[in-house]
Amino acid sequence: MEEPLCCCEYVDRRGRRNHLAACCCDCEELDDGCDRWLTCRSLPPGALERIADTIADRLRVPWFSGAVKINVSLVPPLVLLPVFLHVAALHFLLGLIILTSLPVVVLWYYYLTHRRKERTLFFLSLGLFSLGYMYYVFLREVVPRGHVEHSQVVTLTCGLILMLAALSRAKKDPGYLPIPAGNEKPSHQGLHNKTIRGSSGGLHGISGAASSRAVNGEAKGYCSMSAEQPAGVKKDWCTKCQLVRPARAGHCRLCGRCVRRLDHHCVWINSCVGEQNHQAFILALSFFMLTSVYGITLTLHTICRGRSLFVALFYCPGAYSDYSSALSFTCVWYCAIVTAGMGYILLIQLLNISYNVTEREARLALRDNTGRRLLGGLVIDTGQYNRGLLCNWGHFLSLGASPPQRSAEDIV
């Protein structure tokens with residue numbers, strides 16, 4: 001029987017038992033990379049990825065049942081965000097450069113991970129740590145000045161707790177479709193020669209599609225919504241999950257699963273937004289907007305006394321008179337930039353709900369040139385599920401409800 005791991009031991013990515021003390025030993029990829037760099041030779045394809053994988057595998061902390069691996073994407077926000085904000089508070093020009101470059105760096109990293117089709121905790125950790133650090137700066141630098149009442153602190157804290165509760169709910173199952181047992185990939189010839197109704201997997205997919213249409217509020221009896229039957233096997237058959245997708249479901253290439261009424265994969269929650277968590281996602285965005293705007297207002301009224309909110313945001317002569325005020329003012333601008341981005345996301349989401357269209361459907365409509373651009377291109381109306389403002393919002397508020405029982409004749 002193999003001995004249990006001590007607190008500093010772990011099993012590496014190659015399945016071998018290793019120790020934290022040997023983290024710098026037997027690193028062939030790094031040694032070869034350094035040799036090539038010293039001799040001015042180019043690295044072979046994939047060398048940087050292998051070096052990064054090795055470093056990520058050996059970056060661990062001791063734990064009771066063995067050393068625990070640290071996700072590398074969690075480290076940059078925890079280290080760089082406080083450093084950047086404190087440096088930006090030293091001078092107005094430094095703040096202008098750093099606060100301008102931060103969104104550019106975040107967008108660049110987003111497109112990098114999106115192109116590589118990788119899931120990352122960077123954005124989730126950045127969002128959560130930003131919330132925690134802004135709240136810490138507010139309690140440490142703003143509240144002691146005596147211009148913020150205790151009831152206002154309690155209100156801000158409650159808004160933060162409600163936002164985190166909604167975020168926790170949005171992180172749960174977005175509505176993953178169950179993977180069929182066996183999951184054997186049929187041949188391409190079988191797909192061309194057999195219809196869906198000719199297989200048990202097809203019958204399961206069709207019944208699942210009918211149930212999903214009832215859940216989505218598109219079944220008969222709710223504002224006269226009805227979903228069209230799938231055009232064929234190729235349209236609804238997912239080659240990755242090996243199942244027939246119901247109406248409005250989609251496959252997320254980052255999660256590797258099919259999701260009911262897939263809207264999009266949100267990097268800020270590191271999960272898909274689908275039928276089961278779309279409402280919680282909207283709640284989290286709404287609570288964030290309200291809490292952030294409220295915190296910005298309290299801070300500006302404290303460090304820029306006697307000025308209105310918008311005037312104080314752009315003109316606050318005493319903001320850099322002392323380091324505490326400068327740090328608070330820098331954090332206000334950081335919050336304002338993040339709030340503007342999240343406000344745009346919330347606006348698009350509310351418009352899409354009003355027209356009963358998902359981000360995925362809008363993207364496909366643009367690709368196939370089957371949708372209409374409305375409100376200056378902010379929303380793409382496909383016209384397929386739009387049944388009016390009230391019915392569309394009623395449909396959204398009914399997401400996740402238990403599907404009604406339907407007879408076999410209705411399904412067929």
If you go through the stretch 26-44 one residue at a time, do you hit one that is of a type in the set (S, T, N, Q), farther than 28 Å from S168 by Cβ and under 22 Å from the mean Cα position of the chain (by Cα)?
-> no
Yes or no: L298 closer than 24 Å to G127 by Cα, more than 15 Å from the chain's Cα centre (by Cα) and touching a residue at least 60 places away in the same chain (Cβ under 8 Å)?
-> yes
Residue within the stretch 97-104 that is among the hydrophobic types (A, V, I, L, M, F, W, C), at pLDDT below 90 and out of contact with any helix residue (DSSP H, G or I) (no Cβ under 9 Å at 6 or more places or on another chain) present = no
Test each condition in (1) open to solvent by 90 Å² or more (accessible area, probe 1.4 Å); (2) at pLDDT 75 or above; (3) within 21 Å of V72 (Cβ to Cβ) for R14 and report the one that comes out false.
-> (2)
Quick check, is A319 over 18 Å from E361 (Cα atoms) and touching a Phe, Trp or Tyr at 6+ places or on another chain (Cβ under 6 Å)?
-> yes
Scan the stretch 272-312 for residues that are under 18 Å from E141 (Cα atoms) and out of contact with any helix residue (DSSP H, G or I) (no Cβ under 8 Å at 6 or more places or on another chain) and report the count.
-> 1
Those helices (runs of 4 or more DSSP H) lying entirely in the stretch 295-412 with at least 2 residues closer than 21 Å to F281 by Cβ and touching a Gly at 6+ places or on another chain (Cβ under 9 Å) | 323-354, 359-368, 389-397
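Yes or no, residue by residue, for (1) closer than 21 Å to H395 by Cα; (2) in contact (Cβ under 8 Å) with a residue 12 or more places away in the chain; (3) under 18 Å from the mean Cα position of the chain (by Cα):
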position: T339; (1), (2), (3): no, yes, yes
position: L346; (1), (2), (3): yes, yes, yes
position: N356; (1), (2), (3): yes, yes, no
position: E359; (1), (2), (3): yes, yes, yes
position: N369; (1), (2), (3): no, no, no
Residue check for V83: out of contact with any strand residue (DSSP E or B) (no Cβ under 8 Å at 6 or more places or on another chain), free of Cβ contacts under 8 Å to residues at least 12 places away in the same chain and either surrounded by 14 or more Cβ atoms within 10 Å (Cβ to Cβ) or within 18 Å of I337 (Cβ to Cβ) (or both) | yes
Test result for L327, out of contact with any strand residue (DSSP E or B) (no Cβ under 9 Å at 6 or more places or on another chain), open to solvent by less than 60 Å² (accessible area, probe 1.4 Å) and farther than 20 Å from V273 by Cα | yes
Starting from residues that are outside any strand (DSSP E or B), of a type in the set (G, A, S) and closer than 12 Å to L167 by Cβ, keep the ones in the stretch 260-294 and report whichever is most open to solvent (accessible area, probe 1.4 Å).
-> S286
Selected residue (only one of L203, L160 is modelled with pLDDT of 50 or more and not in a loop (DSSP other than H, G, I, E, B)) = L160
Scan the stretch 304-318 for residues that are open to solvent by less than 70 Å² (accessible area, probe 1.4 Å) and under 16 Å from C335 (Cα atoms) and jot them down.
-> L309, A312, L313
Go through the residues of the stretch 28-51 one by one and say whether even a single one is part of a loop (DSSP other than H, G, I, E, B), open to solvent by less than 50 Å² (accessible area, probe 1.4 Å) and free of Cβ contacts under 8 Å to residues at least 12 places away in the same chain.
-> yes
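The values are calculated or read from the model by the stated rules, or taken from the named source; none is laboratory data. Bear in mind the structure is a predicted one, so any value in this text is a computation, not a measurement. Cβ atoms come from the backbone with ideal geometry, glycine included; neighbour counts cover every protein chain shown. In case anyone asks, the SASA skips ligands and DNA or RNA and just uses the protein heavy atoms, side chains included. Shrake-Rupley method; radii C 1.70, N 1.55, O 1.52, S 1.80 Å.
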